[in-house]
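One structure below.
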């Protein structure tokens, strides 16, 4: 493989690289989350608050399948970045081929299971009472398109590993813009209700997938041959170990969403589920700059780790944490000030408006400290340390938030759910800081 743009990851200034990688990643995440917000706003205003609750119920299932592709993308791209940094081009190609195989086989199987057992899955996810019927209508088209979403998550990570973050951003922008246009057509003009919202999302995945195919056929430097697709147990194990870290986090988030929906329904009915539906969308949307820096950090740290340029690895950690922390402070200030206007974008329902702003402020309360936790967990993934990456990735949702959501509402009701979020953030950040400080001291320049 001829020399390419990815070699700049080992030579250009770290702040410049972090910004150049992070801005397209952040914009891509922005458009992806705007996609979800548009669905929620349009559904809430044009259909009703009960439809928002239906979206909140269905999202974990779709998120679960999509997270398979995202996990394989992030885990495999860690292998690709370090292979490119080490000059092992054939390993990078073979890794990409294995990512394609893994994503296709696993997500198609999951989608088939999701269709066959749709009613049981929806009930398990918390589709109860009046929420069930709109949930089922939204669920079917989306579950069919979920494998396409998984390939988008996988492919965009590989694009960033190639140092072609602009194409990664373009893929997600296509999906977001298509969803916006189709939402207006299907929901507002054709009056297809929540089924129209589902079709809009499904078709937006399909259009972005076509662009993804075009890139890898005509623009990517990873030209694959049949031998690259021959299963390699050692390589498969390496990809799986790192992918499992991200997938576990996504899986735990799905479990958490199910638990939250059940807990909120128990303590506050459909109204409480709707409030969390709005809050969860804002969590994905508002933190897009911080998540963008995390995504941009991964190929920079991974390439330099593979090239054994450990001083540059250390600098990439420091720069990324500083940038992400600064942005997180600004985000929380905006949530603190504009919580009420934000909620009114989604609904005019007075019961929701009475609870949602307070919930938003508490859920985001520890945002200024999460930068260290996100970058720290991402570093261990970039460095190929699957065990520590898994531990830190699961720390917030798995080790802290789920137990807190189970315990605190028993004493404080719905408020216990909202306050569990900042407590979990702080505890996870402390744990990450301990691991990261120890690792930084061991890195030799």
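A few comments on the model shown:
- FRET efficiency for residue 344 and residue 230, using Cβ-Cβ distance with R0 set to 45 Å, rounded to 0.05: 0.20
- Calculated FRET value between residue 119 and residue 311, using beta carbons and R₀ = 60 Å, to 0.05: 0.60
- Relative to the longest principal axis of the Cα atoms of the chain, the long axis of helix 288-306 makes an angle of roughly 20 degrees.
- Using alpha-carbon coordinates, inclination of helix 193-218 to the longest axis of the chain, degrees: 10 degrees
- The range 323-341 and the range 189-235 have their alpha-carbon centroids 33 Å apart.
- Computed over the range 11-442: relative contact order in percent, which uses C-alpha pairs under 8 Å that are six or more apart: 25 percent
- Paramagnetic label zone (point 7 Å from Cα along Cα-to-C-beta, residue 237; backbone N under 13 Å) in the range 296-315: none
- Whole-number D in µm² s⁻¹ for the range 11-442, Kirkwood Cα-pair radius fed into Stokes-Einstein, 37 °C, 0.692 mPa s: 151 µm²/s
- Within a Gaussian network of the chain (alpha carbon springs, distance under 10 Å), most fluctuating of 264, 190, 394: 190
- Alpha carbon centroid spacing (whole Å) that separates the range 72-129 from the range 348-393: 23 Å
- Packing-based ranking, highest mean first, of 63-73, 327-337 given that Cβ atoms within 10 Å are counted: 63-73, 327-337
- Listed peptides 370-377, 221-228, 99-106, 75-82 by packing density, highest first (mean Cβ within 10 Å): 75-82, 370-377, 99-106, 221-228
- In degrees, nearest ten, helix 165-183 long axis to first principal axis of the chain (Cα): 20 degrees
- Simple spin-label estimate for residue 206 and residue 336 gives 4.7 nm between the two label positions (7 Å along the Cα-to-Cβ direction from each Cα).
- Shape category assigned to the range 249-294 from the gyration tensor of Cα positions, a/c cut at 1.5: oblate
- Packing-based ranking of 11-23, 302-314, 50-62 yields 50-62, 302-314, 11-23, ordered from highest to lowest mean Cβ neighbour count within 10 Å.
- Residue exposure sequence - 133, 439, 238 - by fewest surrounding Cβ within 10 Å: 133, 439, 238
- Stretchable slack from residue 255 to residue 16, in nm (0.36 nm times residue separation minus alpha-carbon distance): 82.2 nm
- A straight chain from residue 410 to residue 86 at 0.36 nm per residue would run longer than the Cα-Cα distance by 111.3 nm.
- Gain upon complete extension [residue 361, residue 192; 0.36 nm per residue less C-alpha separation]: 57.4 nm
- Exposure proxy order (Cβ contacts within 10 Å, fewest to most) of 74, 34: 34, 74
- Simple label model, 7 Å out from Cα along Cβ direction - residue 433 to residue 130, nm: 4.6 nm
- The range 214-311: C-alpha gyration tensor shape, a/c 1.5 cut-off, then a/b vs b/c: prolate
- Neighbour-count ranking [beta-carbon atoms within 10 angstrom, fewest first] of 267, 98: 267, 98
Read-outs: derived from the displayed coordinates by stated rules, not from any lab. Predicted, not measured: the structure shown is a model, and the values here were computed from it. We place every Cβ from the backbone using ideal geometry, glycine too, and count neighbours over all the protein chains shown.
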